[in-house]
1. Which label belongs to the value computed from this structure, given these candidates for Rg/Rh (Cα atoms, Kirkwood Rh): (i) 0.93; (ii) 0.96; (iii) 1.00?
2. Lysine pairs in the range 206-342 with alpha-carbon atoms under 15 Å apart, 8 or more places apart or on different chains: how many are there?
3. Can you give me the relative contact order of the range 17-145 as a percent, contacts being Cα pairs under 8 Å and 6 or more apart?
4. For the modelled label position 7 Å from the Cα of LYS272 along Cα-to-Cβ, which residues of the range 297-311 have backbone nitrogen atoms closer than 19 Å?
5. Tell me, what % of the accessible area of the chain is carbon and sulfur with a 1.4 angstrom probe?
6. Report the semi-axes of the equivalent ellipsoid for the range 22-84 in whole Å, largest first, where each axis is √(5λ) for an eigenvalue λ of the Cα gyration tensor.
7. What net charge is computed for the residues neighbouring TRP148, neighbours being all others with C-beta under 10 Å from the C-beta of TRP148, Lys and Arg scored +1, Asp and Glu -1?
8. Residue by residue, what Karplus-based ³J(HN,Hα) values in Hz, rounded to whole numbers, does the range 304-317 have, using 6.51, -1.76 and 1.60 with θ = phi - 60° and x for Gly and Pro?
Amino acid sequence: FLTLCACAVLGTACKKDDDETSKDIPNPDAKEYTGSYILKTSLKNPDGMSGSSYLQRISKLGTTESVDNSKAEQVPYMSAVMIYGNDVFSLDAANGAEGVVKFLYDPASGKLTKGQKIETPAHSMPCNLIKISNTKAYLPLYNSGTIWIINPQTMTKTGEIDITSYAHSDNSPDAGFGVIRGDYYYLPLLQLAPDYAPYADHLQSDVLVINTQTDRVEKLISETATHLAMPSQPSYDSCIFMNENKDIYIMCSGYFGFNPQNTQSGFVCIPKDQTDFDSSKSWDISSTTIEGTPYKPATIYSAIYLGGGKVAAFVAALELNISNPFLDKNGIAVLIDLNAKTIKKIEGVPYTDSHSVGLTKYKNLAVFCVSGKEKRGLFGYDPSTGKTQQLLTTTGGADFFHAFE
């Protein structure tokens, strides 16, 4: 999906390279970790639009740890990964022809084995899977304007929700990543034009409110006051989250950093006990300077909520676009404070490209997936100390990381 968004605009200005974050920053508190983890990496071809992706289980993290792809399972390039319990789902998010494959993780042996598969239409782009119960999950098909209802145990289709009527000017509203709160499924709609950019006459954030008991759309809600567009991402679960008060926050990428005339991006909010937006809680981050840099965000690639109003994220700066939007290292790791409305650069995490921007939490760390100019792999940031360490060196850029309990 990120590659498709990059197709929107290629005419960005060429500026000087800036890899200042590649420098080593000593961390005397660096640790070694042992556990069971799922890792996805990608090797990009020179055009940046194609390549190979690999999925594997690993067991060690630490400053000196490294891994190649020799024991990994090849999966579709730019595939999405969803994990529930010991079920690992690989989705052909860039197309759909390879469908959704379920891998089974065995805690006793540590093995990851390929299991059942559900076929999806070519070009349908199944980007995420939201589990409702052991026998029910929602599978939005980004390009088809439908949400499949499937049984994740048997990997069979059991129903369908048609959302084509909510599209703006075409046949699909482009479903993003949703979240379950109570009996409702809040599903953001990206509403992108054929060039994979927001419609100029529809700069707003749309969300469908779907009753999970009836599988019916109850209403469409929209945040129109701030003109923040492209809410959530199709394949990153952390880009829509709830805080301690159960307020839903959704990150909005806008024009994804490819339109210098419109760099609006940030967050919109659906408060607790409401099924509508509160525009007073929206925040356009594009006018906020990133502390520790001379830049302001042109877009937000990914985000994960850490608690206490703090968000770890990757944002992009237009000044770091060099020559190829598929490969440019323009993604900056930052700490965002939703309450204080500040953005601060996280030192020690290399600038990355728009494909390797996965984020997750592990123990007390925010874990960043990176494909830097000089370093690739996983980087852990401890918000309590402000220290960063490289947790793993990978062959190819890291795209996804998950730690089993």
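1. Derived directly from the coordinates: (i).
2. 8
3. So the answer I get is 15 percent.
4. Counting backbone N atoms under 19 Å from the label point, the list is 305-311.
5. Carbon and sulfur: 47 percent of the exposed surface of the chain.
6. Calculated on Cα positions only, the semi-axes equal 25, 18, 10 Å.
7. So the surrounding residues net to 0.
8. 9, 7, 9, x, x, x, 9, 10, 8, 7, 10, 10, 10, 10
The values are calculated or read from the model by the stated rules, or taken from the named source; none is laboratory data. Since the model is a prediction, treat every value here as computed from it, not as a measurement. When we count neighbours, we look across all protein chains shown, and the Cβ atoms used for this are built from the backbone with ideal geometry, even at glycine. Ligands, DNA and RNA are stripped out before the accessible areas are found, and what is left, the full protein with its side chains, is counted by its heavy atoms. Shrake-Rupley method; radii C 1.70, N 1.55, O 1.52, S 1.80 Å.
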